[in-house]
Every structure is written in C-alpha cells, then in structure tokens.
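Step one of this worksheet: look at the structure below.
The values are calculated or read from the model by the stated rules, or taken from the named source; none is laboratory data. The structure presented is a predicted model; accordingly, all values stated were derived computationally and were not measured. Using ideal geometry, Cβ is built from the backbone for each residue, glycine included, and neighbour counts are taken over all protein chains shown. With ligands, DNA and RNA removed, areas are computed over all heavy atoms of the protein, side chains included. Shrake-Rupley method; radii C 1.70, N 1.55, O 1.52, S 1.80 Å.
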Amino acid sequence: EKQGFRHFMLKEIYEQPTVLRTQLDAYFDPEWYLQTQNPTVGERSRITGSNPPSAPASSPGLVQLNLPQSLYENLEQIQIVACGTSWHAALVGKHLLEQWAGVPTFIQYASEFRYSPPPLTANTLTIGVTQSGETADTLAALEMEQERRKSHHSPAYQPRMLGITNRPESSLGRLIPYIINTHANLEVGVAATKTFSAQVMAFYALALDLADRRKTLKAEAIESIIKKLRELPPLIERLIEEQDDYIGELAHQFNETSDFIFLGRGINFPIALEGALKLKEISYIHAEGYPAGEMKHGPIALLDAKVPVVAIAVPGLLYEKVLSNAQEAKARDARLIGVTPKDSLEAQDIFNEILAIPTVDESLSPLVSVIPLQLLAYHIAALRGLDVDQPRNLAKSVTVE
Ligand code: M6R
C-alpha cells in the first residue's frame with residue numbers, strides 16, 4: 001500500500017531512516033549503544049543480571065554480522081559482482097573496505113565478469129550484491145566463480161562467498177552460504193532507493209567488522225563511527241522533510257532539460273553515478289555521472305547554459321577540489337546545483353541552487369548525499385507525468401542474461 005504517498009518510490013524514499021535504524025540494531029550491539037547514551041542503564045542491568053552481559057570495553061563484539069572467521073582468514077583480495085544500483089553500492093563499499101580495512105577490492109559488472117573473468121587469485125572473498133537476489137547476470141557470475149574455484153587443487157583458491165541481499169530466501173540465498181540481510185522490506189518501485197541505502201549500510205558494517213578483525217582501525221575509532229552512524233537516521237528524516245517540497249518546486253525549472261551532469265569525488269563519486277541512473281531510469285532524461293576531476297578531460301565540452309550540473313560537495317578532504325571543479329563548469333555557463341551544507345558562504349557563492357544536506361563525516365556522507373538526488377529524479381519524473389514506479393522498458397528484477 002502507498003499509505004497516502006502518490007507513488008511507491010516516494011514512500012520508499014521516506015522509509016529510509018526506518019530501514020537504517022533496523023539495520024543498526026541488527027548489525028551493531030544495541031545494548032552497548034544504550035549504555036554509551038545512558039551509562040546508568042548499563043549499571044543497573046549488570047547489578048540485576050536481568051540483561052545479557054554488558055558489552056566489553058573494546059570493540060570486538062560490537063559488529064554482529066556473525067560471519068565466520070574462515071571468510072576473512074589471510075584475506076588478500078575482495079572482488080564484488082553486481083549490476084546497476086547494486087554496483088554503485090559496491091563502489092561505496094570498495095572505498096570503505098580499502099580505506100578502513102586495507103583490503104584491495106575490485107568491482108565488476110556481473111554481466112562482464114562471466115565472459116571476461118579475472119585470473120584467479122588466492123585468499124579472495126567474492127561478494128555478490130543484489131537486492132532482489134534474482135538478477136540473472138549476478139547469479140551466473142557467482143555460479144561460475146564458485147565452480148572454477150571448487151575445481152582448483154589449492155585450498156587457498158577455494159570459494160569464499162558472501163551475499164548482500166534484501167531477500168535471503170532468494171536464489172542468491174540458496175547459492176551462497178553466508179548472507180548479509182539488508183532488512184529493507186519489500187521495495188515496489190523499479191528505481192531502487194531504500195535498498196540502495198540499505199546496501200551501503202551493510203557495507204559500513206562489513207568494513208567495520210573486517211577492520212576490527214584485521215586491527216586496521218582502533219577500537220575507539222570503530223566505536224566512534226558506529227555512534228555517528230546511529231546519529232544518521234534522524235538527520236536523514238529531517239533532510240527528507242526539508243527537501244521534499246523544495247525539490248518539488250525546483251523540478252519545474254527542468255521541464256525542458258534534456259541532459260544532466262552529476263559530479264562527485266571519492267566516496268561520493270558512486271553517488272553521482274547513482275543520481276544520474278535514477279534520473280535516466282524514471283524521467284528518461286539523459287544523464288551522466290563523472291568523478292568531478294575527470295570532467296576537464298573531455299566531458300566539459302558538453303557544457304553550456306542548457307546542461308545543469310549537480311555537484312556533490314561535502315566538507316572534508318575533497319571539498320575545495322569539488323568546488324573548484326564546479327567553478328570550471330560555471331565558467332561554461334552551466335546551471336550549478338550543489339548538494340552541500342547550506343552554511344558555507346563559499347558554496348553559496350558558487351552554486352545557483354543548493355540542495356542542503358547536514359554536515360556529517362565525509363566517510364558517512366553517501367547516506368545523506370543520495371537523498372536529494374533521489375528526490376530530484378522523483379519530482380522531475382512525477383512532474384512530467386511519467387509512470388514513476390514502472391518506468392518503460394524496465395523490470396524490478398532482471399532475470400534474463
Ligand atoms: O536486484 P538487483 O539489485 O540485482 O538489481 C540490479 C539492477 O537491475 C538494479 O539495481 C537496477 O539498476 C535498478 N532499476 C536501479 O534503480
């Protein structure tokens with residue numbers, strides 16, 4: 001049921017904070033978090049013994065994915081196969097797995113992997129990401145990988161497989177022994193929204209679990225990240241409420257627009273790709289996502305006053321860089337839309353419009369920066385009177401290769 005929303009997609013955008021809360025409780029020890037918020041609760045439970053033993057002072061045990069150590073033992077490499085939006089979530093995951101857990105991570109389109117498989121590497125974890133668990137390309141790639149590894153003589157090459165899915169009961173769940181459930185409930189809109197955020201959250205948990213076991217992050221750093229993740233759902237709730245009407249109004253400006261460019265860098269590059277995919281899928285507007293620094297190597301030739309440029313500029317390591325890439329676009333008369341905190345005078349100067357996001361750590365920012373892009377795609381498509389939930393030529397799960 002749409003519960004009063006005009007489309008399932010909008011309802012699903014609004015459901016994201018709830019999904020993230022469910023995941024946070026499932027992936028990270030809620031008892032520990034309660035104690036950090038209100039230490040007396042912990043005291044009492046220790047005295048009465050009515051609750052499970054209190055969380056240890058260091059981080060082991062805080063991440064509760066319950067994955068066996070055999071998946072992680074002597075890990076040298078991770079490869080991830082996925083399609084579409086799930087592939088974008090995997091790109092965010094790559095950043096986290098490399099930067100936090102220090103494991104070289106390679107992302108493959110499932111449809112390419114099967115026919116150009118990379119040479120087998122030892123001690124490699126293969127992750128399949130698919131919200132439906134039924135995408136034929138992803139299943140075929142994973143099956144092939146499992147088979148070729150099983151027939152290898154050396155134990156170091158044997159399959160280690162992990163699935164990230166919203167449907168553990170799916171074909172993926174039957175193929176792969178270990179699954180991270182993304183807990184997003186049924187998603188009806190063909191354009192993935194809440195399942196994308198949920199996949200990203202699953203990668204935060206996985207990267208923290210790995211970082212913890214490999215000791216690449218200190219216990220205090222892991223705890224601090226978990227606390228900050230816990231702060232996101234109310235921020236995202238407010239963000240959706242504040243931006244929904246504003247973006248609905250803004251969408252009127254793009255009635256005649258036929259091309260959009262999305263720019264991001266670092267962990268927000270995949271969000272630029274995701275923003276462009278959402279817009280293409282449901283509004284049928286041509287859109288491209290680029291790493292902002294790559295624009296000057298070609299795509300900048302596309303720019304003129306008719307091509308809006310959406311730049312994700314999150315305070316942190318790459319903030320100034322993105323702003324200067326945005327300036328380059330502005331110099332070509334592009335209409336500039338910033339996904340950025342509104343309190344920066346510098347940003348106010350550069351952008352024609354600001355889709356304001358709260359300031360959060362750069363490493364956690366994809367979960368907030370994607371929201372205005374989902375809303376932008378939604379409102380433009382809805383204004384054009386298109387079938388937002390069932391766009392032409394697309395199906396919710398693609399079961400042909
Ligand atoms: O079910 P999956 O996650 O495997 O689906 C993969 C893609 O088909 C899917 O993400 C597609 O790109 C969506 N329509 C994106 O909104």
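Which of the residues belonging to the range 329-341 are at pLDDT 90 or above and either open to solvent by 40 Å² or more (accessible area, probe 1.4 Å) or not hydroxyl-bearing (Ser, Thr, Tyr) (or both)?
Arg335, Leu336, Ile337, Gly338, Val339, Pro341
Taking the condition of being within 12 Å of the ligand (Cβ to nearest atom) and not basic (Lys, Arg), how many residues in the range 382-400 meet it?
Final tally of qualifying residues: 11.
Please work out which residue is nearest to the ligand (Cβ to nearest atom), limiting yourself to the range 132-160 and to residues that are outside any helix (DSSP H, G or I) and open to solvent by less than 20 Å² (accessible area, probe 1.4 Å).
It comes out as Ser132.
If I filter the range 1-39 down to residues being over 22 Å from the mean Cα position of the chain (by Cα) and open to solvent by 80 Å² or more (accessible area, probe 1.4 Å), which single residue comes out as farthest from Ala191 (Cα to Cα)?
The residue in question is Pro39.
Could you tell me which numbered condition Pro117 fails, if it satisfies all but one of (1) more than 16 Å from the ligand (Cβ to nearest atom); (2) part of a loop (DSSP other than H, G, I, E, B); (3) at pLDDT 95 or above?
(3)
Here is a list: Leu273, Leu303, Leu263. Which entry is open to solvent by less than 40 Å² (accessible area, probe 1.4 Å) and within 16 Å of the ligand (Cβ to nearest atom)?
Leu273
Looking at Asn74, is it surrounded by 15 or more Cβ atoms within 10 Å (Cβ to Cβ), on the phi > 0 side of the Ramachandran plot and at pLDDT 95 or above?
The answer is no for Asn74.
Conditions tested, residue by residue: (1) of a type outside the set (Lys, Arg); (2) over 24 Å from Pro17 (Cα atoms); (3) more than 16 Å from the ligand (Cβ to nearest atom).
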site: Met201; (1), (2), (3): yes, no, no
site: Leu210; (1), (2), (3): yes, yes, yes
site: Ser224; (1), (2), (3): yes, no, yes
site: Glu231; (1), (2), (3): yes, no, yes
site: Leu235; (1), (2), (3): yes, no, yes
site: Ile282; (1), (2), (3): yes, no, no
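What are the residue pairs meeting all of these: first residue in the range 139-155, first residue closer than 12 Å to Ala122 by Cβ, second residue surrounded by 17 or more Cβ atoms within 10 Å (Cβ to Cβ) and among the hydrophobic types (A, V, I, L, M, F, W, C), Cβ atoms under 9 Å, and 6 or more apart or on different chains?
From the range 139-155, the pairs are Arg149/Met161.
Give the range 189-230 a look and list any residue that's polar (S, T, N, Q) and open to solvent by less than 10 Å² (accessible area, probe 1.4 Å), or say none.
Residues satisfying the conditions are Thr193, Thr195, Ser197, Gln199.
Can you tell me which residue within the range 80-102, out of those that are over 18 Å from Glu274 (Cα atoms), surrounded by fewer than 21 Cβ atoms within 10 Å (Cβ to Cβ) and not small (Gly, Ala, Ser), is nearest to the ligand (Cβ to nearest atom)?
Here the residue is Glu98.
Determine which member of the set Glu274, Glu187, Glu249 is without any contact (Cβ under 8 Å) to a residue 24 or more places away in the chain and outside any strand (DSSP E or B).
Only one candidate qualifies: Glu249.
For residues that are in a loop (DSSP other than H, G, I, E, B) and open to solvent by less than 30 Å² (accessible area, probe 1.4 Å), tally how many sit in the range 104-114.
0
Would you check if there is a residue in the range 161-179 being in a loop (DSSP other than H, G, I, E, B), within 26 Å of Gln23 (Cβ to Cβ), free of Cβ contacts under 8 Å to residues at least 24 places away in the same chain and within 13 Å of the ligand (Cβ to nearest atom)?
no
Which condition number does Glu220 fail, the rest of (1) modelled with pLDDT under 95; (2) in contact with a His (Cβ under 8 Å, 6 or more places away or on another chain); (3) away from the ligand (no atom under 12 Å from the Cβ) being met?
Only one criterion in (1) modelled with pLDDT under 95; (2) in contact with a His (Cβ under 8 Å, 6 or more places away or on another chain); (3) away from the ligand (no atom under 12 Å from the Cβ) is unmet by Glu220, namely (2).
Those residues that are of a type in the set (Val, Ile, Thr) and touching a Ser or Thr at 6+ places or on another chain (Cβ under 7 Å), I need them from the range 357-369; list them, please.
Ile357
Under 6 Å between Cβ atoms, at least 6 apart or on separate chains: pull out the pairs that start in the range 124-135 with a residue that is under 12 Å from Gly173 (Cβ atoms) and touching a residue at least 40 places away in the same chain (Cβ under 8 Å) and end on any residue that is within 9 Å of the ligand (Cβ to nearest atom) and open to solvent by 10 Å² or more (accessible area, probe 1.4 Å).
Close Cβ pairs (under 6 Å, with a partner that is within 9 Å of the ligand (Cβ to nearest atom) and open to solvent by 10 Å² or more (accessible area, probe 1.4 Å)) amount to Thr130/Ser86; Ser132/Ser397; Gly133/Arg167; Glu134/Ser397.
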